[in-house]
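Below you'll find the structure, written out as structure tokens, and then a few comments.
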Amino acid sequence: MNNPRSLNVIDDWKNRTCVLATMHKKETVISPLVGSELGIKVVVPEDFDTDRFGTFTKEIKRQGDQLHAARAKAVAAMEHTGLDLAIASEGSFVSHPIVPFLSQNIELVLLLDKKNNIEIVGLYETTTAIPKGTYVSTPQEAVDTAVSWGFPDQGVIIRPSRNARGQIYKNITTHHELYSASKTLLSRWFKRKIFIETDMRAHRCAERMKSIKEATHRLITNCKMGCPICNAPGFVPTKSIPGLMCKSCKAPTPLAKEILTVCKICNHTQHENLERLIEADPENCRLCNP
């Protein structure tokens, strides 16, 4: 068994091969960064299907939350290759927590070390990589709409209707292909309009790829945060305790009053009391702002 005080996990990573669970070219942004910053050699598995964990095009529903999906990809990639070190990423699109009617993209990049029983995550949130979709009535309208979204650099998908699961056209790379596919769908009996949307898969969405790159930077930063006791990586805040005092009425609010950081190897726990530094704005208080 490893002695926590003598464990140097990052040096250990440099002597092992890491599998990256992707089929959508994420290695173009992830591999160079973890290679140069952490010394990790990355390989991409052959014949590895990540779509089985969920698709943006709705044919397969994601099981569990974003972290669960990324972890499932990493575990499957290790089983597929026989390696015990893996990286996986997962994106999601959710409502903005503050701005009404605005969506945001959250990218998560996870490193899973089965040998040392360590899991480290990097997160990045943005409002630049946002799905778009609309109905069009002619092939030329489909082309014009796609171009306004940045096609062909930004990929598009067309389907008979917004929620259709069949007759979905992906991997369209030219104006001619888009025109032809739209014409085919619109030629169906009584078909007056079709649905066109942005393709949010990483290799067809440059903005998402930028976000994955930023999430990888966050992952690397978290990997370099060593435990003060055993030097294990990933010593970052893991839990927040609500109850930060309101500046006006001094009542507890839902905001965090304390942050806990727990080492994944030796369980050393560090408490950071936020109340000695700040107070909550009354707009976050249920008494002052019911």
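Output ³J(HN,Hα) for the range 148-154: one whole-Hz value per residue in order, computed from phi by the Karplus curve 6.51 cos²θ - 1.76 cosθ + 1.60 with θ = phi - 60°, and x for Gly and Pro.
Couplings: 5, 8, x, 4, x, 4, 8 Hz.
Can you sort Asp84, Asp199 by solvent-accessible area, 1.4 Å probe, largest first?
Asp84, Asp199
Between Asn267 and Lys115, what FRET efficiency comes out of the Förster formula 1/(1 + (r/R0)^6) with R0 = 22 Å and r the beta carbon distance, rounded to 0.05?
Once rounded, the FRET efficiency stands at 0.75.
For the range 14-80, count all C-alpha to C-alpha pairs, find those more than 14 Å apart, and express that count as a whole percent of the total.
Here the long-distance tail beyond 14 Å is 62 percent of all Cα pairs in the range 14-80.
Which value in nm describes the separation of the simple spin-label points at Thr174 and Met23, placed 7 Å from the Cα toward the beta carbon?
The answer from the label model is 2.6 nm.
Show that you can apply the helix-only estimate: for the chain, add -39,500 (n - 2.57) for every DSSP H stretch of four or more residues, divide by all residues, and state [θ] at 222 nm to the nearest 500.
-8000 deg cm²/dmol
For Cα pairs less than 8 Å apart in space and 6+ apart in sequence, what is the mean separation divided by the residue count of the range 143-290, i.e. the relative contact order in percent?
Dividing the mean separation by the residue count of the range 143-290 yields 15 percent.
Can you give the extra length, in nm with one decimal, that the chain gains between Ile259 and Glu279 once fully stretched, where that is 0.36 nm per residue apart less the Cα-Cα distance?
Extending this stretch completely gives an extra 5.7 nm.
So what is the diffusion coefficient of the range 137-185 in µm² per second by Stokes-Einstein at 20 °C and 1.002 mPa s, using a Kirkwood Rh over Cα pairs?
199 µm²/s
In Å², and per residue, what accessible area does the chain have when probed at 1.4 Å with the other protein chains present?
53 Å²
When only C-alpha pairs under 8 Å and at least 6 residues apart count, what is the relative contact order of the chain, in percent?
That works out to 15 percent.
Keeping all protein chains in place and using 1.4 angstrom, which order do Arg52, Arg208, Arg201 fall into by accessible surface area, from largest down?
Putting Arg52, Arg208, Arg201 in descending order of accessible area: Arg52, Arg201, Arg208.
Thinking of the chain as a set of Cα atoms, what percent of all their pairs are more than 30 Å apart?
45 percent
What relative contact order, as a whole-number percentage, does the range 117-207 give when Cα pairs under 8 Å and 6 or more residues apart are counted?
41 percent
From the backbone phi of the range 223-232, what are the Karplus-calculated ³J(HN,Hα) couplings (6.51 cos²θ - 1.76 cosθ + 1.60, θ = phi - 60°) in whole Hz, Gly and Pro given as x?
After applying 6.51 cos²θ - 1.76 cosθ + 1.60, I find 5, 7, 7, x, 5, x, 9, 10, 6, 5 Hz.
For Ile241 and Leu287, compute 0.36 nm times the residue count separating them, minus their Cα-Cα distance, and round to one decimal in nm.
Length gained, Ile241 through Leu287: 14.6 nm.
The values are calculated or read from the model by the stated rules, or taken from the named source; none is laboratory data. Treat the numbers as computed from the prediction; the structure is a model and nothing was measured. Please note: Cβ atoms are built from the backbone with ideal geometry, for glycine as well, and neighbour counts cover all protein chains shown. In case anyone asks, the SASA skips ligands and DNA or RNA and just uses the protein heavy atoms, side chains included. Shrake-Rupley method; radii C 1.70, N 1.55, O 1.52, S 1.80 Å.
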